[in-house]
Number of protein chains: 2
Amino acid sequence: MTKSQSPSASPKMWVKTQVLSLRLPPEGFRLVSGAALKAVDVAYEVYGNLDPDKKNAILICSPLTTDAHAAGWHSEEDKRPGWWDDLIGPDKAIDTNRYFVIASNMLGGCRGTTGPASLDPDTGKPYGSTFPKITVEDMVNVQKLLVEQLGIEVLEAVIGGSMGGMHALQWSTSYPNQVRKCICIAAAACLSAQALGFEVIGRKVIVNDPDFAGGDYYAEGKVPGHGLAYARMIGHLTYLSAISMHEKFGRSHREGFDESLFETGFEVENYLQYKGEQFVERFDANSYLHITYAMDRFDLVERYGSLQKAFAASQSEFLLVALSSDWLFFPEQTRELGKVLLELQKVVSVVELDSPYGHDAFLLEVEHLSQVINGFLEKPAFTQEKPTLLQEHLAPAKAAEPEGATLHQKCFTSKEDYRQLENLVQPGSYVLDIGCGDGSLIDHLYHTHAVTGIGIDIDLRHIVDCLRKNVPVVQSDVDEGLSLFRDKAFDYAILNRTLPVVKKPELVLGEIVRVARKAIVSFPNFACIGNRVGLAVKGVMPVTESLPHDWHDTPNIHLFSLRDFQALCERQGVVIERLITISHSWPSRLCLALGLPNLGADFVIAVLSKR
Amino acid sequence: MTKSQSPSASPKMWVKTQVLSLRLPPEGFRLVSGAALKAVDVAYEVYGNLDPDKKNAILICSPLTTDAHAAGWHSEEDKRPGWWDDLIGPDKAIDTNRYFVIASNMLGGCRGTTGPASLDPDTGKPYGSTFPKITVEDMVNVQKLLVEQLGIEVLEAVIGGSMGGMHALQWSTSYPNQVRKCICIAAAACLSAQALGFEVIGRKVIVNDPDFAGGDYYAEGKVPGHGLAYARMIGHLTYLSAISMHEKFGRSHREGFDESLFETGFEVENYLQYKGEQFVERFDANSYLHITYAMDRFDLVERYGSLQKAFAASQSEFLLVALSSDWLFFPEQTRELGKVLLELQKVVSVVELDSPYGHDAFLLEVEHLSQVINGFLEKPAFTQEKPTLLQEHLAPAKAAEPEGATLHQKCFTSKEDYRQLENLVQPGSYVLDIGCGDGSLIDHLYHTHAVTGIGIDIDLRHIVDCLRKNVPVVQSDVDEGLSLFRDKAFDYAILNRTLPVVKKPELVLGEIVRVARKAIVSFPNFACIGNRVGLAVKGVMPVTESLPHDWHDTPNIHLFSLRDFQALCERQGVVIERLITISHSWPSRLCLALGLPNLGADFVIAVLSKR
């Protein structure tokens, strides 16, 4: 569901923008560069109520050119509500019945917070060219003062998309103990070279506009409108995707354009022209320069030496959301960041929402984004203990009944099967569940054996289920997802019915004994007596309890027997430490009793390690 | 191999640019718009020798901003050769030992061919703002006059990349009988909305440069350098890919930049700045405006009503080459064009070269591009008869020995197997060979039974083999490739050993009886006696002549028996018209003799049709 389709039947939330003049020390607000601003005003809005213990505050960090008006309505005359109203409000993903939500205009902006167009207290004139260069860190420091001066010590969450995602990341590096949950959407630890390219051109076009006057255009009553409009047009293209542009504009065009100016009348030209002009109306060129400059130079690796160092001290839980067709911030950048946080054994979930809308999907893919954010926010607090390999602390054994388990998890959904597995996993261990489905296995092991862990799955519905269950999860193809994890990152890697599904079983087998000390693999034995007899007698591909699909639409694209599996392990240097065979029928059980596991095992669970 | 790695040990080819003043009727050169140019000069180069029968001429169409100097060297002082020297020259892909190659600067350009900077014969001053708007069709009409006035009636090939690819397409629509082969690389029948967006901004930036002076800047000795440089920078970004930019620039930066101008010192900024300045040195802003304007408005659908109408009369054979990471001209656009040409039953091959270099790969992916172009050019002329379903004309039966056949084609490589298939296919029919390997099957059937056809394969080596054998081929995944073909486009669709390999056998089965009147499917029978006994006794997945791979790295991801296949056909409404069972052992043969095909058939060939 996209923005235009979203229901907004709920009553309007009336809000207003306030301005706080920050209380500052005598030298003013010290920037990272060493320069200082004598006074800093911050425009902000709040939604919902702050709990007496002040622990329910969420900060919303805005993208490049929006303002403090993130949600609700200012007046009946408003044509539209705040820019993220689809996500923020009573009973919405960021629920103002529960949370106290703060949104602010960023430092350097032009919508109420101090920026280049503000009056310099020293001169009484707009800063213009004298406004100091600022950084994302400075912007976050201003947000921190705002939050503090609203009386809040620790934020329940910091949430931001695009440049706001950079703010969120900076928060959990700058204030590692004061952000419980960090949600970073469609952003990265730095811009890509391609994105930098577009930014750089946009700024050159502004600076070279004759009306820019070196930045001191305020007194003259002119604005570098052409330059700013063109910069905005360039930027705008990077927010859309080729597909969304094709669908929105195609090659339709209209009459009445000026051929002498080489206009085409194409809808895309009209749209860009309109977006450019509209932007000039509402935004200050100096603010655009300063803010994009800060974004371009934001680079956590450069600032801290490495991403590892940047996030080492952070106590936040992370939710990283990438957008499949985003080419301003690529999903690969999100995965890269996720990889580092996983290495650091942070509690982190990595989601890639499938969307055709490019970068702008963080404003448009409301339904999926809501589910993911809400799942992550509303979950019960995850263990505050960071996952530590095999800590010996047992939670009170409370056998939760698995609910809504998918076929994929079928083998471990009965109480008996769960017990089978519990016996293989040491209490307090840290596990990776590959093809984790709805996360019920990790959830169960957490409640019965104090096991923590992380899941991998590709299906968004499963991802949301996991988040709701408080199971960190990485949305990924199994064949690719394991590269995110370092050697021996886990005590156990569990591959439950997933080996026949993967494209490269050999690779995956090698990977699971790399990322974990032990791997637990379960699979149907294709050479069980039922299949053998079935194939020998009936001459058709078996459809059984263990292999429930027709041959032509089965996800099980690699079939193999217990003996085949043993041979592959042998060749790969993988030790089978323990083998559990499961039989569903009396002939199978008989074969097992006769010591013929490759005939008798309908289903196999193996505990593996690297030789 | 990319440009930098290409060997250039061969002796330099010395060339020079010539200028031809076109012989024109008294009213001058009439443009599509109705306006006329009194005089037109064309700068061009030629390489190689024109045969006495004048049938060996190839026209090279240049991209946006290059010139007539496509190959060779002008002098010892040259730092580099012509812009496509890697592909054009003695013993190169476009072999000047064999062909007479012509390259020219396009109409509207600024490198010797008449353009806005040329002197208007009426005024003796540069055209400037009075230069009429031109189209791609006008440019091609100028090329046609050049070619004619060089004494050439029919071109052996027209070859172009990027905007030159648009020229090539326009050639075979404007002059349907005078282009034998049309090679269109990294281009399309129109620009995408996204590409238009970048173009539009670039032109606005130029037109709004104060030094543009409405286009009449020549007299003043100024050029709209800033505008032109920024437009070029924007364009340049669209020629690269995110990956290539990441590899080339990353986030490295240097000192000595001007912070007051919001410069960053990033390598990508320095590079763009350099590219922009360099471009201003060598290119005229008015030419850039006129040429990009023509490119933006090029739209064969708008011009002719539909692509079908545009190409209906064309007698050309087509080679369409897309580049995987090109986002100025998307591979999807090439596929769409290919689909139309296939519908029109043109002889067409569609290739997608895998490259990380974005659009610029048409200048950089020299090795693969050479193989593909050379394969297409050097092949013996394909039947001049357009493929017509079941024409009754038998070629003299000449049983060509199949050579170099791949595993994939194994079942049909022995003389006996080929004969097996010949008997199933009517002479003179039109076939689709899905998973065609090196094209030897169609080649064989062409020589023995006057069968024409087209192959589908994913492997570039196979594609090149097919082109060399004169077998038109579409490079595609089987699961996706069939959507290119209309209903009943073929007499036969042949799926040789490919059904177990595809991801969606059910879908593919439905597709092959849609696109062809009959389908011929061959596959190993998983329930053959050898497999049954093997599995029942040994308990391992069979590795046999028919199924030669280990279970974990087999391409055969869907295994099935003859009976399974029959059941699926039954359910899908697919009629098995004929069934040929092949046995490799005496027990198999015995089973067959006993009337037990699902036990006796090691391998099956089935002729199918839609109910």
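The values are calculated or read from the model by the stated rules, or taken from the named source; none is laboratory data. Source: prediction; values computed, not measured. Backbone-built Cβ (ideal geometry, glycine too); neighbour counts: all protein chains shown. Accessible surface areas use protein heavy atoms only, side chains included; no ligands, DNA or RNA. Shrake-Rupley method; radii C 1.70, N 1.55, O 1.52, S 1.80 Å.
Which of the residues that make up the stretch B:332-373 are within 14 Å of another protein chain (Cβ to nearest Cβ), more than 23 Å from residue B:176 (Cβ to Cβ) and surrounded by 20 or more Cβ atoms within 10 Å (Cβ to Cβ)?
B:357, B:358, B:359, B:360, listed by residue number.
Of the residues B:309, B:275, which single one is in contact with a His (Cβ under 6 Å, 6 or more places away or on another chain) and part of a helix (DSSP H, G or I)? Walk me through how you get there before you give the answer.
On the way: B:309 fails: in contact with a His (Cβ under 6 Å, 6 or more places away or on another chain).
From the options B:309, B:275, the qualifying one is B:275.
Cβ contacts < 7 Å: first residue among the β-branched types (Val, Ile, Thr), restricted to the stretch A:239-252; second residue part of a loop (DSSP other than H, G, I, E, B), any location; separation 6+ or different chain. Result?
A:243/A:325; A:243/A:356
What residue, among those in the stretch A:217-251 that are more than 10 Å from every other protein chain (Cβ to nearest Cβ) and outside any helix (DSSP H, G or I), is farthest from residue A:119 (Cα to Cα)?
Across the stretch A:217-251, the extreme among qualifying residues is A:224.
Filter the stretch B:186-208 down to the residues that are charged (D, E, K, R) and either within 8 Å of chain A (Cβ to nearest Cβ) or surrounded by fewer than 24 Cβ atoms within 10 Å (Cβ to Cβ) (or both), then identify the one that is nearest to residue B:237 (Cα to Cα). Before you say what the answer is, go through the steps one by one.
Here is the first cut: in the stretch B:186-208, the residues charged (D, E, K, R) are B:199, B:203-204.
Of the ones still in play, those that are also either within 8 Å of chain A (Cβ to nearest Cβ) or surrounded by fewer than 24 Cβ atoms within 10 Å (Cβ to Cβ) (or both) are B:203-204.
On the way: B:203: 15, B:204: 17 Å.
Here the residue is B:203.
Identify, please: which residue in the stretch B:214-228 is of a type in the set (A, V, I, L, M, F, W, C) and over 37 Å from the mean Cα position of the chain (by Cα) and is, among those, surrounded by the most Cβ atoms within 10 Å (Cβ to Cβ)?
The extreme case among them is B:223.
So how many residues does the stretch B:268-302 have that are touching a residue at least 24 places away in the same chain (Cβ under 8 Å), within 12 Å of another protein chain (Cβ to nearest Cβ) and of a type in the set (A, V, I, L, M, F, W, C)?
9
Quick check: is even one residue across the stretch A:535-542 assigned to a loop (DSSP other than H, G, I, E, B), hydrophobic (A, V, I, L, M, F, W, C), within 14 Å of another protein chain (Cβ to nearest Cβ) and without any contact (Cβ under 8 Å) to a residue 24 or more places away in the chain?
Applying the first criterion (assigned to a loop (DSSP other than H, G, I, E, B)) to the stretch A:535-542 yields A:539-542.
Now restrict to residues that are hydrophobic (A, V, I, L, M, F, W, C): A:540-541.
Retained after the next criterion (residues that are within 14 Å of another protein chain (Cβ to nearest Cβ)): A:540-541.
Filter once more, so that each one left must be without any contact (Cβ under 8 Å) to a residue 24 or more places away in the chain: A:540-541.
Checking the stretch A:535-542: at least one residue is assigned to a loop (DSSP other than H, G, I, E, B), hydrophobic (A, V, I, L, M, F, W, C), within 14 Å of another protein chain (Cβ to nearest Cβ) and without any contact (Cβ under 8 Å) to a residue 24 or more places away in the chain.
Quick check on this structure: which one of B:68, B:43 is part of a loop (DSSP other than H, G, I, E, B) and open to solvent by less than 10 Å² (accessible area, probe 1.4 Å)?
The conditions single out B:68.
For the stretch B:593-611, which positions are under 37 Å from the mean Cα position of the chain (by Cα), modelled with pLDDT of 90 or more and more than 17 Å from residue B:518 (Cα to Cα)?
Initial filter on the stretch B:593-611 (under 37 Å from the mean Cα position of the chain (by Cα)): B:603-611.
Retained after the next criterion (residues that are modelled with pLDDT of 90 or more): B:604-610.
If the condition is that a residue be under 37 Å from the mean Cα position of the chain (by Cα), modelled with pLDDT of 90 or more and more than 17 Å from residue B:518 (Cα to Cα), then no residue fits.
So which of A:568, A:590 is more than 39 Å from the chain's Cα centre (by Cα) and not in a loop (DSSP other than H, G, I, E, B)?
That would be A:590, the only listed residue that is more than 39 Å from the chain's Cα centre (by Cα) and not in a loop (DSSP other than H, G, I, E, B).
Restricting attention to the stretch A:518-532, report how many residues are more than 10 Å from chain B (Cβ to nearest Cβ), open to solvent by 20 Å² or more (accessible area, probe 1.4 Å) and β-branched (Val, Ile, Thr). Before you say what the answer is, go through the steps one by one.
In the first step, residues of the stretch A:518-532 are kept if they are more than 10 Å from chain B (Cβ to nearest Cβ); the result is A:518-524, A:530.
With open to solvent by 20 Å² or more (accessible area, probe 1.4 Å) added as a condition, the list becomes A:518, A:530.
Narrowing the set further to residues that are β-branched (Val, Ile, Thr) leaves none.
The qualifying residues number 0.
Need pairs with beta-carbon distance below 7 Å; first residue within 13 Å of chain B (Cβ to nearest Cβ) and closer than 23 Å to residue A:285 by Cα and within the stretch A:128-153, second open to solvent by 10 Å² or more (accessible area, probe 1.4 Å) and part of a helix (DSSP H, G or I); sequence gap 6+ or separate chains.
A:129/A:214; A:133/B:259; A:135/A:297
Give me a count of the residues in the stretch A:533-558 that are within 18 Å of residue A:500 (Cα to Cα) and surrounded by 21 or more Cβ atoms within 10 Å (Cβ to Cβ). Walk me through how you get there before you give the answer.
Of the stretch A:533-558, the ones within 18 Å of residue A:500 (Cα to Cα) are A:541-558.
Next, only the ones that are surrounded by 21 or more Cβ atoms within 10 Å (Cβ to Cβ) stay: A:541, A:546-547, A:551-552, A:556, A:558.
Number of matching residues: 7.
I'd like to check something: does the stretch A:571-581 contain any residue that is within 14 Å of chain B (Cβ to nearest Cβ), on the phi < 0 side of the Ramachandran plot and open to solvent by less than 40 Å² (accessible area, probe 1.4 Å)? If you could, list the steps in order and put the result at the bottom.
First, the residues of the stretch A:571-581 that are within 14 Å of chain B (Cβ to nearest Cβ): A:571-572, A:574, A:581.
Checking the rest, the ones that are also on the phi < 0 side of the Ramachandran plot come to A:571-572, A:574, A:581.
Narrowing further to those that are open to solvent by less than 40 Å² (accessible area, probe 1.4 Å): A:574.
Yes, there is a match, as at least one residue in the stretch A:571-581 is within 14 Å of chain B (Cβ to nearest Cβ), on the phi < 0 side of the Ramachandran plot and open to solvent by less than 40 Å² (accessible area, probe 1.4 Å).
Quick one: count up the residues across the stretch A:94-125 that are open to solvent by less than 10 Å² (accessible area, probe 1.4 Å) and among the small types (Gly, Ala, Ser).
Adding up the residues that qualify gives 5.
Give the stretch B:559-570 a look and list any residue that's open to solvent by less than 50 Å² (accessible area, probe 1.4 Å) and either among the acidic types (Asp, Glu) or over 26 Å from residue B:545 (Cα atoms) (or both), or say none.
Applying the first criterion (open to solvent by less than 50 Å² (accessible area, probe 1.4 Å)) to the stretch B:559-570 yields B:559-562, B:564-565, B:568-569.
Residue satisfying the conditions is B:564 alone.
Mind checking which helices (runs of 4 or more DSSP H) fall wholly inside the stretch B:425-485 and carry at least 3 residues that are modelled with pLDDT of 90 or more and either of a type in the set (Ser, Thr, Tyr) or open to solvent by less than 10 Å² (accessible area, probe 1.4 Å) (or both)? So that I can check it myself, show each step before the final result.
Working: elements: B:440-449, B:460-468, B:478-481.
Because the criterion is at least 3 residues that are modelled with pLDDT of 90 or more and either of a type in the set (Ser, Thr, Tyr) or open to solvent by less than 10 Å² (accessible area, probe 1.4 Å) (or both), the helices (runs of 4 or more DSSP H) in the stretch B:425-485 that meet it are B:440-449, B:460-468.
Kindly indicate which of A:280, A:268 is β-branched (Val, Ile, Thr), within 21 Å of residue A:326 (Cα to Cα) and assigned to a helix (DSSP H, G or I). Spell out the reasoning first.
Details: A:280 fails: within 21 Å of residue A:326 (Cα to Cα).
None of the others qualify; the one that does is A:268.
Given (1) open to solvent by 40 Å² or more (accessible area, probe 1.4 Å); (2) under 20 Å from the mean Cα position of the chain (by Cα), where does residue A:148 come up short, assuming only one miss?
With (1) open to solvent by 40 Å² or more (accessible area, probe 1.4 Å); (2) under 20 Å from the mean Cα position of the chain (by Cα) applied to residue A:148, the lone miss is (2).
Exactly one of (1) open to solvent by 10 Å² or more (accessible area, probe 1.4 Å); (2) at positive phi is unmet by residue A:252. Its number?
It is condition (2) that residue A:252 fails.
Among the candidates A:507, A:499, single out the residue that is within 14 Å of chain B (Cβ to nearest Cβ) and part of a helix (DSSP H, G or I). First the steps, then the outcome.
Details: A:499 fails: part of a helix (DSSP H, G or I).
One residue alone meets the criteria, A:507.
Of the residues that make up the stretch A:276-290, is at least one surrounded by fewer than 20 Cβ atoms within 10 Å (Cβ to Cβ) and over 26 Å from residue A:109 (Cα atoms)?
no
Taking residue B:293, is it open to solvent by 10 Å² or more (accessible area, probe 1.4 Å) and at pLDDT 95 or above?
On the way: open to solvent by 10 Å² or more (accessible area, probe 1.4 Å): no; at pLDDT 95 or above: yes.
Against the criterion (open to solvent by 10 Å² or more (accessible area, probe 1.4 Å) and at pLDDT 95 or above), residue B:293 does not qualify.
Quick test of your reading of the structure: residue B:529 fulfils all but one of (1) within 17 Å of residue B:456 (Cβ to Cβ); (2) in contact (Cβ under 8 Å) with a residue 60 or more places away in the chain; (3) among the hydrophobic types (A, V, I, L, M, F, W, C). Name the failing condition by number.
(1)
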